[in-house]
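See structure below.
The values are calculated or read from the model by the stated rules, or taken from the named source; none is laboratory data. Here the structure is a predicted model, which is why all the values come from computation and not from measurement. A quick note on method: Cβ atoms are made from the backbone with ideal geometry, for glycine too, and the neighbour counts reach across all protein chains shown.
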Amino acid sequence: MDVHGSFPSESQAVLADGAQAHGDGSIKGPFEGDRERRDWLLQNLGEALCRKLGIYRLPEDLLLSVVIPCYNEKKTIHEILRRVRAVPIPKEIIIVDDCSKDGTRDILREMEGKSADLKVYFHEVNQGKGAALRTGFQKATGTIVVIQDADLEYDPAQFPQLIQPIVDGQADVVYGSRFSGESHRVLYFWHSMGNKFLTLLSNMFTNLNLTDMEVCYKVFKREIIQNIKLKSDRFGFEPEVTAKVARFMINGEDGQPPHRCRIYEIPVSYHGRTYREGKHIGWKDGFQALYCIVRYAFGD
Ligand SMILES: Nc1nc2c(ncn2[C@@H]2O[C@H](COP(=O)(O)OP(=O)(O)O)[C@@H](O)[C@H]2O)c(=O)[nH]1
Ligand SMILES: [Mg+2]
């Protein structure tokens, strides 16, 4: 398998604040048909500053698969979809409902088949976030796959920055990090300690220097995530995928030997919710994560 191929450097689309992604995957907005203006910005602000603003050239053929695991999220599902759609990147949105009981399913059935950019899958039994993600990954057809939780804790406006190291040909996998500089809601101390401890332990086994192994925002070249066999049904997904990404070997190009994934980390903002506001993950999942770190450390 070859997951190396670099993206073409010249392209049609520039990401810009205020541009709108439409149902057919096209981008319409202030820069539509206005290459001159885009080029003016790039020329006058410079590529470096434009990149920070999320303005850069996308490859013509780039399609982002946004996989959204969803369980009892009727309060946020409309808004998260709106925010995802507002990101000016051609994309397919894959929602996997994991047998919600709160009416989310009815909302999704309403939306199903109404727009070309949205695919919805339904689990008949609740299995967990990991299982929902497995279903979503199988269905993905894009160049790059990003995980988006269905709550509003993570902001899709950060997709351009998150996919950038892959688009630039520097990375195969990108993790967000809530602990490296961006704004975040101040919440549970022991919860964050737990996260840091799990990241530390995972790093000890994988020899990676991640700062946030449990983060939702994980971005993969599609071939990579579709070639990793995942087993964890619930939140054990995070340590499992991290261990398996760390071991994953990519065929070298032009007779070069296989090499490990190149992983980047990008700071992401985090608007954590409380348990009253609907958070699902709990201390039992922490123990499960602990078990998965050790279980997947050496194989499986
Ligand atoms: N498929 C599935 N998704 C779940 C389940 N529990 C949570 N999720 C989804 O997984 C994502 C993360 O859940 P959340 O409670 O926010 O966990 P946290 O943000 O990692 O602490 C959300 O999109 C949930 O809807 C579950 O049992 N099944
Ligand atoms: Mg969440």
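This table checks each residue for (1) within 16 Å of ligand 1 (Cβ to nearest atom); (2) of a type outside the set (Lys, Arg); (3) touching a residue at least 60 places away in the same chain (Cβ under 8 Å).
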{"residue": "Arg134", "(1), (2), (3)": "yes, no, yes"}
{"residue": "Ile144", "(1), (2), (3)": "no, yes, yes"}
{"residue": "Pro165", "(1), (2), (3)": "no, yes, yes"}
{"residue": "Val174", "(1), (2), (3)": "no, yes, yes"}
{"residue": "Lys196", "(1), (2), (3)": "yes, no, no"}
{"residue": "Tyr217", "(1), (2), (3)": "yes, yes, yes"}
So which residues in segment 215-227 are under 23 Å from Gly286 (Cβ atoms) and over 12 Å from the mean Cα position of the chain (by Cα), if there are any at all?
none
Take segment 229-276 and flag every residue that is loosely packed, with under 13 Cβ neighbours inside 10 Å, within 16 Å of ligand 2 (Cβ to nearest atom) and charged (D, E, K, R).
Arg276
Read through the list (1) part of a loop (DSSP other than H, G, I, E, B); (2) under 30 Å from Gln256 (Cα atoms); (3) at pLDDT 95 or above, then give the number of the only condition that Ser65 fails.
(1)
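Just wondering, is there one or more residues in segment 197-208 that are in a loop (DSSP other than H, G, I, E, B) and within 30 Å of Leu62 (Cα to Cα)? Working first, answer last.
As a first pass, look at segment 197-208 and keep what is in a loop (DSSP other than H, G, I, E, B): 207-208.
Still in the running and within 30 Å of Leu62 (Cα to Cα): 208.
Yes; the residues of segment 197-208 include at least one that is in a loop (DSSP other than H, G, I, E, B) and within 30 Å of Leu62 (Cα to Cα).
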Using beta carbons and a limit of 6 Å, which pairs, at least six apart or on different chains, have the first residue in segment 74-94 and under 12 Å from Pro160 (Cα atoms) and the second one assigned to a loop (DSSP other than H, G, I, E, B) and among the hydrophobic types (A, V, I, L, M, F, W, C)?
Pro88/Leu15; Pro88/Ala19; Pro90/Leu63
